[in-house]
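Student: This is the structure I want to talk about, given as structure tokens.
The values are calculated or read from the model by the stated rules, or taken from the named source; none is laboratory data. Everything quoted here is computed from the prediction, not taken from an experiment. Counting neighbours? That spans all protein chains shown, and the Cβs are built from the backbone with ideal geometry, glycine included.
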């Protein structure tokens, strides 16, 4: 499935729209009114809600907004797909009511969030679980296997042609051309980059000596803005390789990576299994649900290059109107209905019933200052 540009309601937000939905005490409330208790399919709500962030969950967010509009037609949700880093910055500046991020809040960001979200700060709720694909454009090569060290050497620029002996050794029977390898990475601050570099750092530590990072650490390679930008550049460049949400790769080839003694391709099932093996991060708000992923499983049913994208909400908003809109939309996103809508659009792995219930309970703790 190719990445689609967001339609007009999801385009870059005008400054006036941004001002409508800030968090806590620094910003005015959301427009409109609410009636009764907040619920995605319960009391009718009206108003406008603004978010910004992850481009990896762009297709899922489009589906969530459309599905939510069907049950709450009086609410307009706008989402600016600017990348995870920029989304968190906008949120922490009080410009939007929520952020979508492929990386959870860092400790310093959590502390900063207390200035706009009250003493309990902000919290992370998993909403979008998806495999990240190593995507490539190489004519005639339909099946490609890489172990972690070889993948790391390619992305580090140490392996520069497709017929390199290290690649050939993993792909017996495959005719590999002498085509130059062009590495394509994200140019923006990206949670996708952070997840991919975390995989390389954990799975190939002797080769990939850089720490995980939202900014690509290797200079002199090709880059593009956002998920869709990376895919377009890989599609346009013979011999290119990059990384992106699996839902966006379209007709590009995808690498099978070594897990234990097997080679595993990206799949929703494999991503879900990886999350099952994850552990809570802890140390932030009591209702925070950020997890630490194990990138080196030996269970071949798990796919280790997985992204858990979060919605980041305030624990406390300035007014009840904003709090109710955020709770209603957030609960739809993590509901079985919302997860099914996202899966149909983006091929991601839906949250398990337990994760969905836990996320709903976390969102229910949102309050209003007045």
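Student: Do you know which residues across segment 268-298 are surrounded by 17 or more Cβ atoms within 10 Å (Cβ to Cβ) and more than 30 Å from residue 117 (Cα to Cα)?
Tutor: Result: 268, 270, 271, 272, 273, 274, 294, 295, 297.
Student: From 103, 122, 97, 63, which residue is under 14 Å from the mean Cα position of the chain (by Cα), outside the structural domain of residue 242 (by TED's automatic domain parsing) and on the phi < 0 side of the Ramachandran plot?
Tutor: Values: 122 fails: under 14 Å from the mean Cα position of the chain (by Cα); 97 fails: under 14 Å from the mean Cα position of the chain (by Cα); 63 fails: under 14 Å from the mean Cα position of the chain (by Cα).
The unique qualifying residue is 103.
Student: Step by step: first the residues of segment 337-358, then only those that are in contact with a helix residue (DSSP H, G or I) (Cβ under 6 Å, 6 or more places away or on another chain) and at pLDDT 95 or above, then the one that is surrounded by the most Cβ atoms within 10 Å (Cβ to Cβ). Which residue is that?
Tutor: Looking at the filtered set, the residue picked out is 342.
Student: Here's another thing I want to ask about it. Which one of these does residue 212 not meet: (1) surrounded by fewer than 17 Cβ atoms within 10 Å (Cβ to Cβ); (2) without any contact (Cβ under 8 Å) to a residue 24 or more places away in the chain?
Tutor: (1)
Student: Kindly provide the set of residues from segment 297-317 that are in a loop (DSSP other than H, G, I, E, B), more than 19 Å from the chain's Cα centre (by Cα) and at pLDDT 95 or above, ordered by number. Before the answer, list the steps.
Tutor: Narrowing segment 297-317 to residues in a loop (DSSP other than H, G, I, E, B): 297-305, 315.
Of the ones still in play, those that are also more than 19 Å from the chain's Cα centre (by Cα) are 297-301, 315.
Residue satisfying the conditions is 315 alone.
Student: Can you pull out the helices (runs of 4 or more DSSP H) entirely within segment 97-209 that have at least 2 residues that are surrounded by 23 or more Cβ atoms within 10 Å (Cβ to Cβ) and modelled with pLDDT under 95?
Tutor: Values: elements: 107-117, 148-156, 165-170, 191-203.
The qualifying helices (runs of 4 or more DSSP H) are 191-203.
Table: residues versus (1) over 16 Å from the mean Cα position of the chain (by Cα); (2) more than 22 Å from residue 296 (Cβ to Cβ).
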site	(1), (2)
191	no, no
200	yes, no
207	yes, no
211	yes, no
214	no, no
220	yes, yes
223	yes, yes
226	no, yes
232	yes, yes
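Student: Mind listing just one residue for me: the one in segment 77-96 that is out of contact with any strand residue (DSSP E or B) (no Cβ under 8 Å at 6 or more places or on another chain) and more than 24 Å from residue 292 (Cα to Cα) and, of those, surrounded by the most Cβ atoms within 10 Å (Cβ to Cβ)?
Tutor: Of everything passing the filter in segment 77-96, 94 is surrounded by the most Cβ atoms within 10 Å (Cβ to Cβ).
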